[in-house]
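S.K.: Shown below is the structure under consideration.
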Amino acid sequence: MNNLVSKSQLARIAGVNPATITRVASKQFPNAFVGKKIDADHEEVIAYLAMRAEKQDLEADSTPAPAPKQKQVTQIRQAQDEPQGKKLYTSIAKKYADDVLSGVIPAGKYIRLACQRF
């Protein structure tokens with residue numbers, strides 16, 4: 001009995017995008033089609049899935065963890081400085097007021113006056 005699956009189901013099994021299955025199916029396992037479905041027990045499909053599993057294992061073993069970006073590092077440091085689950089809204093407001101007064105953030109007359117009072 002054939003184990004018939006759709007291209008989307010085979011993509012989930014293989015861990016790839018459905019468009020990838022559409023692209024490679026006609027080249028790597030053209031004989032596995034039964035109408036619009038794919039016979040998952042066909043030898044060509046099994047070979048493709050084995051190749052994908054091997055490739056994913058190699059990528060997982062050889063890929064080092066990416067270095068965090070500067071923005072992520074800044075967010076991590078800010079999270080460490082803040083109390084657990086609370087934001088320091090006063091420090092955020094103070095930074096805004098300082099930026100307005102220094103001209104980094106453009107603002108009108110009344111906003112500048114309010115920042116001076118803060």
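The values are calculated or read from the model by the stated rules, or taken from the named source; none is laboratory data. What you are looking at is a predicted structure, and each value in this text was computed from that prediction instead of being measured. Virtual Cβ from ideal backbone geometry, glycine too; neighbours counted across all protein chains shown.
S.K.: Is one or more of the residues making up the stretch 71-80 modelled with pLDDT of 80 or more and surrounded by 11 or more Cβ atoms within 10 Å (Cβ to Cβ)? Break it down stepwise before answering.
M.R.: Quick first cut of the stretch 71-80, residues modelled with pLDDT of 80 or more only: none.
Checked the stretch 71-80: no residue is modelled with pLDDT of 80 or more and surrounded by 11 or more Cβ atoms within 10 Å (Cβ to Cβ).
S.K.: Considering only the stretch 1-44, how many residues are more than 28 Å from the chain's Cα centre (by Cα) and surrounded by 12 or more Cβ atoms within 10 Å (Cβ to Cβ)?
M.R.: Residues flagged as more than 28 Å from the chain's Cα centre (by Cα) and surrounded by 12 or more Cβ atoms within 10 Å (Cβ to Cβ) within the stretch 1-44 amount to 13.
S.K.: Something else: Given (1) at pLDDT 75 or above; (2) surrounded by 10 or more Cβ atoms within 10 Å (Cβ to Cβ), identify the lone condition not met by residue 89.
M.R.: That leaves (2) as the condition not met.
S.K.: What are the pairs with Cβ atoms under 7 angstrom where one residue, in the stretch 4-30, is touching a residue at least 12 places away in the same chain (Cβ under 8 Å) and the other, located anywhere, is assigned to a helix (DSSP H, G or I) and hydroxyl-bearing (Ser, Thr, Tyr)? Sequence gap at least six, or different chains.
M.R.: Note: pairs meeting the criteria are 7/22; 28/48; 29/48.
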